[in-house]
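Values in this text are rule-based calculations from the coordinates and carry no lab data. As the structure is a computational prediction, the values presented were derived from the model and not from experiment. For neighbour counting, all protein chains shown are included, and Cβ atoms are generated from backbone atoms with ideal geometry for every residue, glycine included.
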Ligand code: S3P
């Protein structure tokens, strides 16, 4: 395997965690979810961090987490949906591994994220929030090495597509 890590990016609800776990199992690599990494380091939840410290503070921690985690190798790393917004994160990801972006149809995303209180950015009018964030992040995932639509493909099919590509 020529890649040091596999990094999964994509909007909320595109299946990063499910695909990442299955991919790690398939490769016999470690699975790391950067949101969980930040939560366990800070001893609090993402929602509480957004509420108590604000989004910019969370983004700083997210950048530090990505840099720290990607020092390691033989890992499948699932990132938070907004991790790609900072250029330094994109550069780090491209340097430290093979980047897979998952995308999904808006209706699929809305169904997956509604009633999820763990996602501070899609509280309230979930439909409106998802559409406006999707619009703002339209090209945010284009830098990936591989882009896969998870709307209809199963987790196993996505893992196979990645294995075929790497
Ligand atoms: C965010 C996505 C979340 C989490 C935080 C912010 C975003 O991760 O990092 O709530 O900006 O899209 P998931 O994509 O795993 O839900």
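Some points to look at:
- Counted by neighbouring Cβ atoms within 10 Å, the residues 98, 131 run from fewest to most as 131, 98.
- Packing-based ranking of 102-113, 43-54 yields 102-113, 43-54, ordered from highest to lowest mean Cβ neighbour count within 10 Å.
- Normalising the Debye intensity of the chain to I(0), with uniform scatterers on Cα atoms only, and taking log10 at q = 0.09, 0.11, 0.13, 0.18 Å⁻¹ returns -0.27, -0.41, -0.59, -1.17.
- Counted by neighbouring Cβ atoms within 10 Å, the residues 93, 1 run from fewest to most as 1, 93.
- Going from the residue with the fewest nearby Cβ atoms within 10 Å to the one with the most, 41, 138 rank 138, 41.
- Residue-averaged [θ]222 nm for the chain, counting only DSSP H segments that reach four residues, each worth -39500 (n - 2.57): -15000 deg cm²/dmol
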